[in-house]
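*Asks:* There's a structure below that I have some questions on.
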Amino acid sequence: MWSESNIQAVGLAQLTAVIIVYRVILTLPHCAVFQCYWMTNFLDSIHVTVAAQSVTESFGAAISRWSTANLTDTVVQRSKRMMLDTLGVGIRGTQTSVFHKALQYSMRHQALEKSHVWGRSGLYLPPLYASFVNGVAVHSMDFDDTWHPATHPSGAVLPALLALSEVMPIKPSGLDLLLAFNVGIEVQGRLLRFSKEAQNIPKRFHPPAVVGVMGSAAATAKLLRLNPGQCVDALAIAASSAGAPMANAATQTKPLHIGNATRRGLEASQLASLGLQGNKQILDLESGFGVYYPDYSPTELAHSTSFRWVLEDQDVAFKRFPAHLGMHWVADAAAAVRAKILSKNPGADLNQVKRVTLRVPKSRYIDCPFPTTEHQARHSFQFNACSALLDGLVTIDSFSSQQMERRTLRNLLLTVQLEHPTDNHSCFDSMYCEVTVEMAEGDSHTARCNTFYGHWRNPLSSEDLAQKFKTNASAVLPQEATDGIVNIIENIEKMPDLSLLGSFLQMQNTMLSSVNMSHC
């Protein structure tokens with residue numbers, strides 16, 4: 001006896017054949033007709049539904065069929081900015097403790113295929129592990145781009161694409177990479193729009209671990225030129241590696257979410273290319289990708305020339321300092337309060353603060369009154385507000401142990417209290433931060449930040465984004481490599497292949513080489 005789940009598992013051609021068979025049975029004696037009559041009606045009633053393209057099939061078809069003709073000037077320029085920023089924060093991230101731990105683990109694995117490890121001259125790993133450690137580097141300081149709905153889109157895609165491009169028999173061009181990158185970004189953006197809950201600062205799952213792995217699978221499937229059915233399988237395989245709990249935010253494990261997403265997506269597309277199959281309805285089912293969202297409502301993805309990229313309408317945010325995106329509102333508001341205090345009294349003693357009130361959205365994992373690690377500090381409204389009050393801005397050095405252990409900072413943290421106005425929603429598109437500082441002598445000063453510089457509504461200038469990249473990259477690479485990477489990304493659609501980019505990513509300042517080798 002056929003069940004509805006059996007029917008759903010049958011392809012259109014097979015189902016049509018079954019219908020024909022049952023209609024032939026109708027010519028048999030009356031008893032056979034009676035036994036099969038209900039099945040005939042059932043098959044007729046669902047034929048149109050099954051014949052329609054599923055959401056998952058629409059994604060597979062779009063991933064396979066999108067071409068460079070679909071790219072627009074806006075999408076190209078925005079994705080170039082994303083690539084440059086991702087490479088910069090990833091190169092800088094190769095100097096972090098969490099990167100060194102991930103690298104030590106990954107160096108246990110060897111294979112015939114080898115891809116570059118960023119910032120490590122002459123060091124190669126199998127593509128899966130190269131993408132993993134480079135992905136960890138990108139998110140190691142929480143310095144990478146952030147999108148709306150909330151995720152870190154680029155770090156889950158670019159490391160896998162670059163690692164894969166090095167081992168492909170026919171080397172992809174820069175334009176091939178640009179298209180594949182945007183396919184991976186687009187898939188993430190579309191999946192995030194299947195849920196209203198995804199609009200808010202996450203509470204249960206870290207988004208890059210959910211949509212990021214799917215974006216990596218889509219991007220690498222595109223670079224591998226998989227057919228629509230294989231693209232569907234890549235998504236299905238990747239879905240079984242999705243998900244990571246928010247409880248690991250503000251720990252050294254959080255950067256692994258990006259590393260695993262980019263690695264597992266690449267693994268999924270490679271397995272799909274070998275014929276491994278998954279559920280063809282993975283994006284349609286509540287028991288499929290829908291398990292990550294309580295209000296999951298998937299829709300088909302168009303692949304015609306008339307469709308519009310999500311990135312066309314929704315730009316990303318670029319961070320000026322390495323911390324959770326919410327910290328940028330509180331830092332700008334606190335810096336503005338400091339300016340007000342010093343404008344009124346240039347000799348004001350900020351040790352004489354009586355109370356600091358932060359009016360911010362309610363979010364448990366970024367409410368950390370007394371952080372003890374750099375990762376906790378990067379996720380602490382209180383720490384970033386106090387750092388900006390004392391120093392006027394937050395920088396990479398703000399999260400050093402020397403800065404974190406300052407007595408003045410620790411004393412100021414004792415004065416901080418949080419309020420959560422009902423109109424201040426936990427959403428990167430609508431949240432704000434208001435800071436009020438009450439001085440011991442009775443003066444009170446307030447400043448509010450609705451949109452910080454670097455947010456998609458107030459984007460970094462091209463000059464400032466390039467300077468961010470150069471500051472990050474020059475901490476590891478020589479100027480020749482830094483300038484070379486900028487030039488390649490600016491002209492990536494004209495590059496015949498990406499071999500020169502790989503060479504630049506492995507150049508290293510001479511004085512860093514011996515230090516880095518001692519970590520490995």
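*Asks:* Return the pair list, or none, for Cβ contacts closer than 8 Å from residues in segment 441-463 that are on the phi > 0 side of the Ramachandran plot to residues that are of a type in the set (D, E, K, R) and open to solvent by 50 Å² or more (accessible area, probe 1.4 Å), at least 6 apart or on different chains.
*Replies:* Once the first residue is on the phi > 0 side of the Ramachandran plot and sits in segment 441-463, its partners that are of a type in the set (D, E, K, R) and open to solvent by 50 Å² or more (accessible area, probe 1.4 Å) give Gly454/Arg320.
*Asks:* What's the number of the condition Leu175 fails, among (1) under 23 Å from Asp295 (Cβ atoms); (2) open to solvent by 10 Å² or more (accessible area, probe 1.4 Å)?
*Replies:* With respect to (1) under 23 Å from Asp295 (Cβ atoms); (2) open to solvent by 10 Å² or more (accessible area, probe 1.4 Å), Leu175 is out only on (1).
*Asks:* Between Leu271, Leu285, Leu235, which is modelled with pLDDT of 95 or more and under 21 Å from the mean Cα position of the chain (by Cα)? Explain how you work it out, then say what you get.
*Replies:* Values: Leu271 fails: under 21 Å from the mean Cα position of the chain (by Cα); Leu285 fails: under 21 Å from the mean Cα position of the chain (by Cα).
Step by step, each of Leu271, Leu285, Leu235 is checked, and only Leu235 is modelled with pLDDT of 95 or more and under 21 Å from the mean Cα position of the chain (by Cα).
*Asks:* Are there any pairs, at least 6 apart or on different chains, whose C-beta atoms fall under 8 Å, with the first in segment 71-100 and closer than 22 Å to Leu175 by Cα and the second open to solvent by 10 Å² or more (accessible area, probe 1.4 Å) and of a type in the set (Lys, Arg), and if so, which?
*Replies:* Every condition considered, the pairs that remain are Asp85/Lys468; Gly88/Lys468; Gly88/Lys470.
*Asks:* Would you check if Val316 is in contact with a strand residue (DSSP E or B) (Cβ under 6 Å, 6 or more places away or on another chain) and surrounded by 18 or more Cβ atoms within 10 Å (Cβ to Cβ)? Can you show your working first?
*Replies:* Working: in contact with a strand residue (DSSP E or B) (Cβ under 6 Å, 6 or more places away or on another chain): yes; surrounded by 18 or more Cβ atoms within 10 Å (Cβ to Cβ): yes.
Yes, satisfied.
*Asks:* Using beta carbons and a limit of 6 Å, which pairs, at least six apart or on different chains, have the first residue in segment 423-439 and farther than 19 Å from Ala331 by Cβ and the second one of a type in the set (Lys, Arg)?
*Replies:* Sorted first by the residue in segment 423-439, then by its partner, the pairs are Glu438/Lys354; Glu438/Arg355.
*Asks:* Here are some conditions: (1) open to solvent by less than 10 Å² (accessible area, probe 1.4 Å); (2) outside any helix (DSSP H, G or I); (3) not polar (S, T, N, Q). Leu191 meets all but one. Which one does it not meet?
*Replies:* Only one criterion is unmet by Leu191, namely (2).
*Asks:* Being surrounded by 21 or more Cβ atoms within 10 Å (Cβ to Cβ) and either without any contact (Cβ under 8 Å) to a residue 60 or more places away in the chain or among the hydroxyl-bearing types (Ser, Thr, Tyr) (or both) is the filter here; which residues of segment 107-129 pass it?
*Replies:* Ser115, Leu125, Tyr129
*Asks:* Just one of Ala156, Ala163, Ala217 is open to solvent by less than 10 Å² (accessible area, probe 1.4 Å), of a type in the set (A, V, I, L, M) and within 18 Å of Leu301 (Cα to Cα); which is it?
*Replies:* Details: Ala156 fails: within 18 Å of Leu301 (Cα to Cα); Ala163 fails: within 18 Å of Leu301 (Cα to Cα).
The unique qualifying residue is Ala217.
*Asks:* Further question: Check Val138, Val98, Val133 and return the single one that is closer than 20 Å to Ala250 by Cα, within 14 Å of the chain's Cα centre (by Cα) and not polar (S, T, N, Q).
*Replies:* Working: Val98 fails: within 14 Å of the chain's Cα centre (by Cα); Val133 fails: within 14 Å of the chain's Cα centre (by Cα).
Being closer than 20 Å to Ala250 by Cα, within 14 Å of the chain's Cα centre (by Cα) and not polar (S, T, N, Q) holds for just one of Val138, Val98, Val133, which is Val138.
*Asks:* Now, a different point. Starting from residues that are among the charged types (D, E, K, R) and assigned to a loop (DSSP other than H, G, I, E, B), keep the ones in segment 378-405 and report whichever is nearest to Arg359 (Cα to Cα). Give the derivation first.
*Replies:* Step one: of segment 378-405, the residues among the charged types (D, E, K, R) are 378, 391, 397, 405.
After this cut, where a residue has to be assigned to a loop (DSSP other than H, G, I, E, B) as well, the list is 378, 405.
Numbers: Arg378: 18, Glu405: 25 Å.
Of everything passing the filter in segment 378-405, Arg378 is nearest to Arg359 (Cα to Cα).
*Asks:* Check every one of the strands (runs of 3 or more DSSP E) wholly within segment 414-520 and list those with 3 or more residues that are under 29 Å from Asp313 (Cα atoms), modelled with pLDDT of 95 or more and open to solvent by less than 10 Å² (accessible area, probe 1.4 Å).
*Replies:* Numbers: elements: 416-419, 433-439, 444-449.
Answer list for segment 414-520: none.
*Asks:* Right, next: Between Asp367, Asp332, which is under 29 Å from Arg92 (Cα atoms), open to solvent by 50 Å² or more (accessible area, probe 1.4 Å) and either among the hydrophobic types (A, V, I, L, M, F, W, C) or touching a residue at least 24 places away in the same chain (Cβ under 8 Å) (or both)?
*Replies:* After applying the criteria, what remains is Asp367.
*Asks:* Can you pull out every residue in segment 272-297 that is open to solvent by 70 Å² or more (accessible area, probe 1.4 Å), charged (D, E, K, R) and touching a helix residue (DSSP H, G or I) at 6+ places or on another chain (Cβ under 7 Å)?
*Replies:* Lys280
*Asks:* Does segment 242-271 hold any residues that are open to solvent by 10 Å² or more (accessible area, probe 1.4 Å), under 23 Å from Cys231 (Cβ atoms), of a type outside the set (S, T, N, Q) and not in a loop (DSSP other than H, G, I, E, B), and which are they?
*Replies:* Selection gives Arg263, Arg264, Glu267, Leu271.
*Asks:* Which one of these does Thr253 not meet: (1) in contact with a Lys or Arg (Cβ under 6 Å, 6 or more places away or on another chain); (2) free of Cβ contacts under 8 Å to residues at least 24 places away in the same chain?
*Replies:* (1)
*Asks:* Let me ask something else. Of all the helices (runs of 4 or more DSSP H) wholly in segment 17-99, which have at least 2 residues that are within 23 Å of Leu224 (Cβ to Cβ), among the β-branched types (Val, Ile, Thr) and modelled with pLDDT of 50 or more?
*Replies:* Working: elements: 30-51, 55-65, 73-93.
It comes to 55-65, 73-93.
*Asks:* Filter segment 384-409 for residues that are surrounded by fewer than 18 Cβ atoms within 10 Å (Cβ to Cβ) and in contact (Cβ under 8 Å) with a residue 40 or more places away in the chain and give the result.
*Replies:* Gly392, Leu393, Thr395, Ile396, Thr408
The values are calculated or read from the model by the stated rules, or taken from the named source; none is laboratory data. Please read all numbers here as calculations on a predicted model, not as lab measurements. Note that we place each Cβ from the backbone using ideal geometry, even for glycine, and neighbour counts take in every protein chain shown. With ligands, DNA and RNA removed, areas are computed over all heavy atoms of the protein, side chains included. Shrake-Rupley method; radii C 1.70, N 1.55, O 1.52, S 1.80 Å.
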